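Each value in this text was obtained by applying a stated rule to the coordinates, not by laboratory testing. As the structure is a computational prediction, the values presented were derived from the model and not from experiment. Don't worry about glycine lacking a Cβ; one is built from the backbone with ideal geometry, like all the others, and counts go over all protein chains shown.
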Amino acid sequence: MNFKKIHHFAIIGRDYTKSKHFYVDLLGFSVIRENYRSARDDYKIDLVSGEITLELFIEKNAPARPSYPEACGLRHLAFQVESVVETVEALNEAGIATEPIRTDDYTGQKMTFFFDPDGLPLEIHE
């Protein structure tokens, strides 16, 4: 096997308006394509920012995250940024709360967390 890179991440949200606003308007992802899937009564929105591709599924009746913040399975998504301080300022100006900035115990780089409208932990890391 020869895994080269992550092709995409898939995220499930419950509220179309809130989730699309968060990822597109606030975080700056661009919509590649958007499809309403009538057989499933949900939306699939493909988003991109730089080399990051997200599949955003909107399912009104998706179950809640089983525990907070730790649950079996995907723990969080981490986005690399040039400056955690500047990104935190931009997130806060957009009305997105962030945890206090801290230093990664192993890399010595700045990092922090924030959350999407459904409580999915998102990390920014230098």
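Of note:
- Centre separation in Å (Cα based) which lies between segment 93-126 and segment 26-45: 25 Å
- In summary, the aspartates and glutamates within cross-link reach of K4, defined as a Cα separation below 18 angstrom excluding same-chain residues under 8 places away, comprise E51.
- Which label in [x] 2, 9, 18, 22, 21, 16, 8, 3, 1, 0; [y] 2, 8, 9, 12, 9, 8, 8, 7, 6, 5, 5, 5, 4, 3, 3, 2, 2, 1, 1, 0; [z] 2, 10, 16, 16, 15, 14, 12, 9, 5, 2, 1, 0 gives the computed P(r) over Cα pairs in 5 Å bins from 0, in percent: [x]
- Angle in degrees between helix 84-93 and the longest Cα principal axis of the chain, rounded to the nearest 10: 50 degrees
- Percentage relative contact order, segment 75-126, counting C-alpha pairs under 8 Å, at least six apart: 44 percent
- Remark: spin-label model distance K44-R65 equals 2.5 nm, labels positioned 7 Å along the Cα→Cβ axis.
- Straight Cα distances below 20 angstrom link K20 to the lysines K44, K60, with same-chain residues fewer than 8 positions distant left out.
- The chain: relative contact order in percent, alpha carbon pairs under 8 Å with at least 6 residues between: 22 percent
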